[in-house]
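A.B. asks: Got a structure here, written out as structure tokens. Questions coming.
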Amino acid sequence: MKQKFQIDFLKEMGLKPQNTLLDIGCGTLRGGIPIIQFLEEEKYFGIDVREKVIEEAFKELREEKLEHKKPNIEVFSDFKELNYEHSFDIIFAFS
């Protein structure tokens, strides 16, 4: 249900496949999987402070066969550490 809610909400807010999205607190990609499916390649950026959770996110990505979308998923502990050369159309945090 949360997966559907998140992607439906983002689409209602204007998310387009060509948009670049930063998902703060992406977790295991429970909500991120349908977003990655919807977005074009290299348009999803997910960050989380928990290394074990990010490891699970990569497993989930493989299980869903979405590696070809080339999402950028990483562990971070401080926003100052993030060094993206991208701008984001949407920054999303859902709890």
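The values are calculated or read from the model by the stated rules, or taken from the named source; none is laboratory data. Everything numeric here is computed off the predicted structure, so don't read it as measured data. Don't worry about glycine lacking a Cβ; one is built from the backbone with ideal geometry, like all the others, and counts go over all protein chains shown.
A.B. asks: Which is surrounded by fewer than 18 Cβ atoms within 10 Å (Cβ to Cβ) and touching a Lys or Arg at 6+ places or on another chain (Cβ under 7 Å), of Q37, Q3? Break it down into steps so the answer makes sense when it comes.
C.D. replies: On the way: Q37 fails: touching a Lys or Arg at 6+ places or on another chain (Cβ under 7 Å).
When all the criteria are applied, what remains is Q3.
A.B. asks: Right, here's the next one. Name the pairs: first residue in segment 5-21 and closer than 18 Å to K70 by Cβ, second residue among the small types (G, A, S) and not in a helix (DSSP H, G or I), Cβ to Cβ under 8 Å, at least 6 apart or on different chains?
C.D. replies: Close Cβ pairs satisfying both conditions: T20/S87.
A.B. asks: Please verify whether E42 is over 17 Å from K69 (Cβ atoms), exposed (fewer than 14 other Cβ atoms within 10 Å of the Cβ) and out of contact with any Pro (no Cβ under 7 Å at 6 or more places or on another chain), treating the condition exactly as stated. Spell out the reasoning first.
C.D. replies: Working: over 17 Å from K69 (Cβ atoms): no; exposed (fewer than 14 other Cβ atoms within 10 Å of the Cβ): yes; out of contact with any Pro (no Cβ under 7 Å at 6 or more places or on another chain): yes.
So E42 fails the test.
A.B. asks: Right, next: If I filter segment 45-95 down to residues being surrounded by fewer than 11 Cβ atoms within 10 Å (Cβ to Cβ) and among the hydrophobic types (A, V, I, L, M, F, W, C), which single residue comes out as modelled with the highest pLDDT?
C.D. replies: Ranking the candidates gives A93 first.
A.B. asks: Provide a single number: the residues in segment 6-30 that are assigned to a loop (DSSP other than H, G, I, E, B) and within 8 Å of the chain's Cα centre (by Cα).
C.D. replies: 2
A.B. asks: Checking the conditions here, which among E60, E74, E67, E85 is of a type outside the set (A, V, I, L, M) and touching a Lys or Arg at 6+ places or on another chain (Cβ under 9 Å)? Give the derivation first.
C.D. replies: Numbers: E74 fails: touching a Lys or Arg at 6+ places or on another chain (Cβ under 9 Å); E67 fails: touching a Lys or Arg at 6+ places or on another chain (Cβ under 9 Å); E85 fails: touching a Lys or Arg at 6+ places or on another chain (Cβ under 9 Å).
The match here is E60.
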